[in-house]
Amino acid sequence: MPELPEVETVVRGLQKVLPGRRIVEVRLGKTDFIEDPAALEKQLPGSRIVTVRRYGKFLVVDLESPDATGEKPALLIHLGMTGQLITCGPDTGVAPHTHAFFALDDGRELRYRDPRRFGSMQIVAQGNGSPLGSLGLDPLDATKSEFLAQLRGRRARIKALLLDQSVLRGMGNIYTDESLWRARIHPKRLAASLKEADLRRLYGAVQAILKEAIRLRGSSISDYVDCAGERGEFQLRHRVYQREGKKCVRCKSAIRRVIVAGRSSYFCPQCQPAPRVRARKA
């Protein structure tokens, strides 16, 4: 599933071509992933794109509506597992599973492709009626003190907390595993058991991993491509994710896999010591 770096990469690409453009036509194929298809077809034509931004794993396309009702709508898009957004000329061949076409006033199209249709799309009034209000801190924007305060003393496993979108919005399985490896923290450690130095090290690891992944345009493991249809390169820098049985690049121990919060978690048993299990009293 595209995570923060992949979504940020798509957003930065779209920011170069979409702001100021007007949507002139909407054509939809399969619509089971769209909250209200009729609303898209009715409200989007004539709207001007003000900006494109990321909020957690969501893409937010801020719009200026021609009806001047005072409400500023936004198109909210989640890529799910296999969603792709690309801009291209109208004569470009249509890839299979392309379900939404947004014709722009400069002759190009914004297309949404999603083979498994686990993504979502809806029109929302900015600040109302969307899932964005329930999301936590952005790990890329959070200060060190904010990050530490969000995790300090919690009686939950650190891997589960990093994946919890109400705690940190945008983190996913790939970058959580990579950050924990870099910080030398086992995914099953309770957040409350981490020392201040551990949390500070984790903050630095998260920041470094996310920024490096964005610089390399994300991880293309399955379907992910940027808005130009190009694959990312950070998958070439993975140190633990999906490397079970391979040697740790730091200590040469075999990478292992464990289930945490229902997700496969990859770690090095030498670099990331398992938490001690207290013996029960008779």
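Worth pointing out:
- Extended-chain gain in nm, criterion 0.36 nm per residue less alpha-carbon gap, Val249 and Thr143: 35.2 nm
- Maximal additional length on extending the Lys211-Thr92 stretch stands at 39.6 nm, based on 0.36 nm per residue less the C-alpha distance.
- Comparing Cα centroids, the range 199-269 and the range 99-116 end up 30 angstrom apart.
- Neighbour cut-off at most 12 other Cβ (10 Å), DSSP loop, trypsin sites (Lys or Arg not before Pro), the range 1-83: Lys16
- Volume per residue that the Cα convex hull of the range 170-248 spans, once the total is divided by residue count, Å³: 101 Å³
- The candidate values are (i) 108; (ii) 137; (iii) 148; the one derived from this structure for volume of the Cα convex hull per residue in Å³ carries the label (iii).
- Listed residues Gly93, Gly83, Gly133, most fluctuating in the chain (Gaussian network, C-alpha, under 10 Å): Gly93
- Relative contact order for the chain, counting Cα pairs under 8 Å that sit 6 or more residues apart, in percent: 18 percent
- For a straight C-alpha distance cut-off of 17 angstrom, the aspartates and glutamates reachable from Lys247 (same-chain residues fewer than eight places away being disregarded) are Asp177, Glu178.
- Global form of the range 4-134, assessed from the alpha-carbon gyration tensor, a/c cut-off 1.5: rounded
- Maximal additional length on extending the Arg152-Asp105 stretch stands at 11.9 nm, based on 0.36 nm per residue less the C-alpha distance.
- Under 5 Å between amide hydrogens, built in the peptide plane, is the criterion, and for Arg169 it picks out Gly136, Leu137, Asp138 among residues at least 5 positions away or on other chains.
- Percent antiparallel among DSSP beta bridges (both partners in the range 1-128, rounded to 5): 95 percent
The numbers here are math on the coordinates, done by the rules we state, and not lab data. All values derive from a computational prediction rather than experimental measurement. Neighbour counts are summed over all protein chains in view; Cβ atoms, including those assigned to glycine, are modelled from backbone coordinates with ideal geometry.
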